[in-house]
Amino acid sequence: MTIRVLVADDQSLVRAGFVALLEAQEGIAVVGEAEDGEQAVRLALELAPDVVLMDIRMPQLDGLEATRRIVGDRTLAGVRVVVLTTFELDEYVFEAMRAGATGFLVKHTEPADLVRAVRVVADGEALLSPGVTRRLIAEFASRAKVGPANSSLDPLTDREREVMALVAEGLTNAEIGERLFMSPATARTHVSRILLKLDARDRTQLVVIAYESGLVRPGWQD
């Protein structure tokens, strides 16, 4: 099945580069291009792409608000937004995660990683730029507005809370399975149930919820 992509970036050369790269890949088709956030929202509604590559800094309407509008539209429930930024720890990335972006990539990402990102996100997984996942989440955690209790997690079983905490560490299903002595398929099932119970869009939102509910606290143990 062909993955349909909308590319939104106000720099024409950058946009053209992304388009040329993706169009050269088997199973990927660029169905639209946008040069600002308003156009990105309009084309998303018109074309309902599988994935939107969204530059976070654009005129008219920035990528953050465009992401919020796309994610908040029930008719676009299947659309995944990946935020593009020049800086790995751009302050807007944290807000984009809260707004519902599935992940983010820095613009100097290797071409192969960009293509992989589109495929991963289209498959329903969250995506954080390779090599900076834990640093990004740790930075996000330090800014998270931690709630006084875990009431938002009441629907979850103890096992599901364990799984969610590991999702918040940035672990894959295979890594979660290894840590908890279960198969990757079982880990994936747990994650799917958690998403359903918490009405979360994807794993990135689970990271946000995990920190803001107090399930996981800032700080890492390697």
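Residues of the range 1-26 that are touching a helix residue (DSSP H, G or I) at 6+ places or on another chain (Cβ under 8 Å) and free of Cβ contacts under 8 Å to residues at least 60 places away in the same chain: Arg4, Leu6, Val7, Ala8.
Only one of the numbered conditions (1) over 30 Å from Leu13 (Cβ atoms); (2) at pLDDT 90 or above; (3) surrounded by fewer than 16 Cβ atoms within 10 Å (Cβ to Cβ) is not met by Pro111, and that is (1).
Looking at the range 152-208, which of the residues that are in a helix (DSSP H, G or I) and of a type in the set (Gly, Ala, Ser) is nearest to the chain's Cα centre (by Cα)? My answer is Ala168.
When we screen Val19, Val81 for residues that are within 19 Å of Val118 (Cα to Cα) and more than 19 Å from the chain's Cα centre (by Cα), the only hit is Val19. Looking across Leu127, Leu156, one residue alone is modelled with pLDDT of 90 or more and within 17 Å of Arg201 (Cα to Cα). It is Leu156.
Considered as a group, the residues in the range 163-211 that are of a type in the set (Asp, Glu) and surrounded by 16 or more Cβ atoms within 10 Å (Cβ to Cβ) include one that is farthest from Gly72 (Cα to Cα), and that residue is Glu169. Residue-level check: of (1) more than 19 Å from Ala122 (Cα to Cα); (2) out of contact with any Pro (no Cβ under 6 Å at 6 or more places or on another chain); (3) touching a residue at least 40 places away in the same chain (Cβ under 8 Å), Glu175 misses just (3).
Checking Glu33, Glu26, Glu38, Glu65 one by one, the residue that is charged (D, E, K, R), touching a Gly at 6+ places or on another chain (Cβ under 9 Å) and at negative phi is Glu65 and no other.
The values are calculated or read from the model by the stated rules, or taken from the named source; none is laboratory data. Computed from a predicted structure; not experimentally measured. When we count neighbours, we look across all protein chains shown, and the Cβ atoms used for this are built from the backbone with ideal geometry, even at glycine.
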